[in-house]
Amino acid sequence: MRDIALVVILIGLIPFIFRYPWIGALTYAWVSIFVPHRWAFGFANDMPIAMIVAGTTLAGMLLHPKQVRLPINRITVLLMLFPIWMTVTLLFALEPDVAYERWVEVMKVFFFTLVTASLVHSRKQVDALVWVLVLSVGFYGVKGGIFTILQGGAYRVYGPPGGTMADNGAIALASIMMMPLMLYLAGVVSSKWVKAGLLGAVLLSGMTALGSQSRGAFLAIVAMMVFLWVKARRKVIFGLALVASASLAIGFMPDTWTNRMETIKTYEEDGSAMGRVNTWWMLFNLANDRPLVGGGFEPYAPRQFSRYAPDPLDVHSAHSIYFQVLGEHGYVGFALFLCIGIASWNMAGRLVKASRERPDSVWAGDLARAIQVSLVGFAVGGAFFNMAYWEIVYYETIILMAAYNLVGAGPRPNPAIT
């Protein structure tokens, strides 16, 4: 039944995607993040659903070129330069076979990020993309939160197999990043039941982050809560609510969880933490040896550790977006990666300021604040996870750009294509 339902949904969407390709861009985001085919256990499990949606979307763009408009600004230029540079580093990759496989995956992310940027222009489309992100991640956040409560926090929460959120740290970081977007949607929806559901999803997503037992996720949620309080309008009420909910959630977790979080203070005695430090040194030494191009994608082979790591036998993946990009693409790639984040942050700040001058654009300022809080979670939590090429953070930059243009800093969307 699941296979049939998924195919029926896909077939039903195809005519709409041909007519309105922005629907295809959102469908592709849903497929890549939610991985619905992994919920099917028959013929649909191995269907190239993403390829079908992508092909239909591109065909719709060719049929309706007036609906396609890529805004040219610092962010879109950086989103083009970064994959171009990663293609250059591929030519010098230390592990060319695995590097090529990873390059194909990453290029799909950036290509469809730019496709989405060229199709999402109106507020309806912006909010629809926010809903796609929230529902795609929020389903697993709610599911994981319920699991954590039912199991008393005794077992780790993991994400859906076969997707980018499969790891416990990944689902934790994803849930953390969606919490401020859930709060944004709760502020703009009119239905009190939907609002209540979103607020409940925020709490359950927080339980998922705690239930993952990821120390990096714990640091990310603390940083995000602090910044969320800074951005809040009613700081006293919001601060009391944050302290109360955090105290209840942490108090619910078992002693094993508390003991694991306390190892943050004594990371030198933790083998897992020191293994990450060993990999960070390996990637830092690699980048210094090859400062322009780094080691290319996936240089995490024993022979590379024997050349660059303090402990050549302790082989791990990067476990950090920063060292991941630095080691794989050198200082040039690292600079481009940081510039994308800085440009997104600055655009959000300008959007907040611009929205103050236009009462009809308060929603855009609230959305920009939510994305800033989400980016704080990514910046802190990402220091401990391999998620530098994760599509969600790039979709957030697309949302910022579209909202920024709608406020009046860019070209107005054509109502005929919404």
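The values are calculated or read from the model by the stated rules, or taken from the named source; none is laboratory data. The shown structure was predicted, so the numbers you read here are calculated from the model rather than taken from an experiment. A quick note on method: Cβ atoms are made from the backbone with ideal geometry, for glycine too, and the neighbour counts reach across all protein chains shown. Just so you know, the surface numbers come from the protein's heavy atoms only, side chains and all, with ligands and any DNA or RNA stripped out. Shrake-Rupley method; radii C 1.70, N 1.55, O 1.52, S 1.80 Å.
Numerical summary
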quantity: Selection status of SER317, crowded, with 24+ Cβ neighbours inside 10 Å, of a type outside the set (D, E, K, R) and closer than 24 Å to ASN168 by Cα; calculated: no
quantity: Some residue of segment 321-335 being closer than 25 Å to GLY275 by Cβ, open to solvent by 50 Å² or more (accessible area, probe 1.4 Å) and touching a Phe, Trp or Tyr at 6+ places or on another chain (Cβ under 7 Å); calculated: yes
quantity: Selection status of ILE146, under 13 Å from the mean Cα position of the chain (by Cα), over 20 Å from ILE49 (Cβ atoms) and in a helix (DSSP H, G or I); calculated: no
quantity: Subset of segment 201-222 (residues that are of a type outside the set (Ser, Thr, Tyr) and open to solvent by less than 30 Å² (accessible area, probe 1.4 Å)); calculated: ALA201, VAL202, GLY206, MET207, ALA209, LEU210, GLY211, GLN213, GLY216, ALA217, ALA220, ILE221
quantity: Test for THR87: is it surrounded by fewer than 17 Cβ atoms within 10 Å (Cβ to Cβ) and modelled with pLDDT of 95 or more; calculated: yes
quantity: Enumeration of residues in segment 116-137 that are open to solvent by less than 10 Å² (accessible area, probe 1.4 Å) and part of a helix (DSSP H, G or I); calculated: THR116, ALA117, SER118, LEU119, GLN125, VAL126, LEU129, VAL130, LEU133, VAL134, SER136, VAL137
quantity: Selection from segment 294-304 of residues that are crowded, with 16+ Cβ neighbours inside 10 Å and in a loop (DSSP other than H, G, I, E, B); calculated: GLY294, GLY295, GLY296, PHE297, GLU298, PRO299, TYR300
quantity: Residues located in segment 305-322, provided they are assigned to a loop (DSSP other than H, G, I, E, B) and of a type in the set (Gly, Ala, Ser); calculated: ALA309, SER317, ALA318, SER320
quantity: Condition broken by ASN288, with the remaining ones in (1) touching a residue at least 12 places away in the same chain (Cβ under 8 Å); (2) farther than 16 Å from LEU90 by Cβ; (3) out of contact with any helix residue (DSSP H, G or I) (no Cβ under 6 Å at 6 or more places or on another chain) satisfied; calculated: (1)
quantity: Residue count for segment 11-30, restricted to those that are open to solvent by 20 Å² or more (accessible area, probe 1.4 Å) and either part of a helix (DSSP H, G or I) or within 16 Å of PHE112 (Cβ to Cβ) (or both); calculated: 12
quantity: Only listed residue being open to solvent by 10 Å² or more (accessible area, probe 1.4 Å) and not charged (D, E, K, R), chosen from ALA364, ALA354, ALA388; calculated: ALA354
